[in-house]
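Below you'll find the structure, written out as structure tokens, and then a few comments.
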């Protein structure tokens, strides 16, 4: 079931990875950090103890000032 949820996230253009250890990051779903393995570790194995994934269709939906853009995929309003 969790893999199905990951596939649903990939249908969106962006995803926020909420992470209490490393900070909250906005990524393009095409980013090299957005992998099934990373999703399984954070969401399934660690049972969302340190964070979770939240998909976004549009950057305008982002209203959380704690979220920073990924330095690898560099999502922006472009």
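The values are calculated or read from the model by the stated rules, or taken from the named source; none is laboratory data. Predicted model only: the values in this text are computed from it and were never measured. Glycine also receives a Cβ, built like all others from the backbone with ideal geometry; neighbour counts cover every protein chain displayed.
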Requested in this report: From the list 61, 57, pick out the single residue that is loosely packed, with under 14 Cβ neighbours inside 10 Å, closer than 11 Å to residue 16 by Cβ and modelled with pLDDT under 95.
Outcome: 61
Report summary line: In segment 51-78, anything assigned to a loop (DSSP other than H, G, I, E, B) and within 18 Å of residue 11 (Cβ to Cβ) is listed as 57, 58, 62, 73, 75
Query raised in the report: For segment 20-45, which residues satisfy the criterion of being surrounded by 14 or more Cβ atoms within 10 Å (Cβ to Cβ) and either modelled with pLDDT under 95 or farther than 20 Å from residue 76 by Cα (or both)?
Result: 38, 39, 40, 42, 43, 44
Requested in this report: With the condition kept exactly as written, say whether any residue in segment 28-37 is more than 15 Å from residue 5 (Cβ to Cβ), touching a helix residue (DSSP H, G or I) at 6+ places or on another chain (Cβ under 9 Å) and in a strand (DSSP E or B).
Outcome: no
**Report entry** Flag if residue 48 is assigned to a loop (DSSP other than H, G, I, E, B) and either at pLDDT 95 or above or more than 12 Å from the chain's Cα centre (by Cα) (or both)
**Finding:** yes
Query raised in the report: Are there any pairs, at least 6 apart or on different chains, whose C-beta atoms fall under 9 Å, with the first in segment 60-75 and in contact (Cβ under 8 Å) with a residue 12 or more places away in the chain and the second loosely packed, with under 11 Cβ neighbours inside 10 Å and outside any loop (DSSP other than H, G, I, E, B), and if so, which?
Result: none
Report summary line: A careful count of residues in segment 7-27 that are in a helix (DSSP H, G or I) and without any contact (Cβ under 8 Å) to a residue 40 or more places away in the chain gives 1
